[in-house]
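The values are calculated or read from the model by the stated rules, or taken from the named source; none is laboratory data. Computed from a predicted structure; not experimentally measured. When we count neighbours, we look across all protein chains shown, and the Cβ atoms used for this are built from the backbone with ideal geometry, even at glycine. For accessibility, only protein heavy atoms count, side chains too; no ligands or nucleic acids. Shrake-Rupley method; radii C 1.70, N 1.55, O 1.52, S 1.80 Å.
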Amino acid sequence: MRRLLLSAILFVVAANARAGEVDRLYVIDGGWAYATDQSRWSPGFNAGVPIDLSDNCYLIHHSSEGYLLWDTGITDRLVALPEGQSVSALGQTWRRAGTLVAALATLGIKPADVRYVALSHWHPDHTGNVDEFPDATVIIQKAEWDYAVTLPQKPFSPDHKTLLIEGDKDLFGDGNLVILSTPGHTPGHQSLLVHLVKTGYVVLSGDAVHFQSNWDNRRVPSFNYDTAQSLASMEKISRVLDEKHAQLWINHDKPSSDARRHAPESYE
């Protein structure tokens, strides 16, 4: 009996030794867009009303596993285009003030220091700089990967090390970084539940929702891959927010993005 008790104690001690925590999260500017017609994202509402869209990356430090980067923003090549790059199909003009690598450098971080790059989905405003991290493991849903590699123009090199996920996944087994499968915007879209030591729980939306009014009214862009999946994913996120008393950080919602602390400041 004593041996069993000792074994149980040693198991708990070993598990606690392996467990880590998320002690820092940096919000990093990944570019921004001006769009001429908000109704492209909210069909039937705000036709002809322009909107500014933020686009952030999130550098997350896990005490046991090191740095994970959530999304990489629009390509750094836009820094050389002060007038931006237009996307006529969506009536958008994208700009970027500085490179992601330069932003990391101000924090004392080199690309080789980033062990994982987790991607919400394949779209270029989220995957624009994946290839700046050739040594990192790319974390993506298998359904998203399978779709992305069929595209004529690959969003990033297919030669990266990958961790292909099917569904939800507690990345490091300690509940502090949990991938949430939230398909609908794309076939294998995912969001990230982060548990910070002081801030508490935060859900990084990816593009499960694009801005606050769409969230409040459960509006789905007409260009999403699957409307029913999109609505189901929003409801899933809502349940997680209630269960974890979590904040929802909507990536493209510029007013809320502007109100957050950006690097070099951080959340703990």
Can you name every residue in segment 44-78 that is open to solvent by 10 Å² or more (accessible area, probe 1.4 Å), over 30 Å from Glu268 (Cβ atoms) and over 20 Å from the mean Cα position of the chain (by Cα)? Gly44, Phe45, Asn46, Ala47, Gly48, Val49, Pro50, Ile51, Arg77
If Val117 satisfies all but one of (1) under 30 Å from Ser238 (Cβ atoms); (2) modelled with pLDDT under 95, what's the number of the condition it fails? (2)
If the requirement is being touching a residue at least 12 places away in the same chain (Cβ under 8 Å) and crowded, with 22+ Cβ neighbours inside 10 Å, which of these qualifies: Tyr147, Tyr116, Tyr201? Tyr116
Would you pick out the residues in segment 32-66 that are out of contact with any Ser or Thr (no Cβ under 8 Å at 6 or more places or on another chain), closer than 25 Å to Thr106 by Cβ and in a strand (DSSP E or B)? Asp52, Leu53, Asp55, Tyr58, Leu59, Ile60, His61, His62, Gly66
Any chance Gly188 is surrounded by 17 or more Cβ atoms within 10 Å (Cβ to Cβ) and within 16 Å of the chain's Cα centre (by Cα): yes
Among the residues of segment 89-112, write down those that are in contact (Cβ under 8 Å) with a residue 40 or more places away in the chain, open to solvent by 60 Å² or more (accessible area, probe 1.4 Å) and under 20 Å from Pro264 (Cβ atoms). Ala97, Thr106
Select from segment 177-199 the residues that are part of a strand (DSSP E or B), touching an Asp or Glu at 6+ places or on another chain (Cβ under 7 Å) and of a type outside the set (Ser, Thr, Tyr) and list them in ascending order. Val178, Ile179, Leu180, Leu196
When you look at Thr150, is it more than 14 Å from the chain's Cα centre (by Cα) and assigned to a strand (DSSP E or B), yes or no? no
Among what's in segment 216-268 and is in a loop (DSSP other than H, G, I, E, B) and hydrophobic (A, V, I, L, M, F, W, C), pick the residue that is least open to solvent (accessible area, probe 1.4 Å). Ile250
Would you be able to tell me the number of residues in segment 119-144 that are open to solvent by less than 60 Å² (accessible area, probe 1.4 Å) and in a loop (DSSP other than H, G, I, E, B)? 9
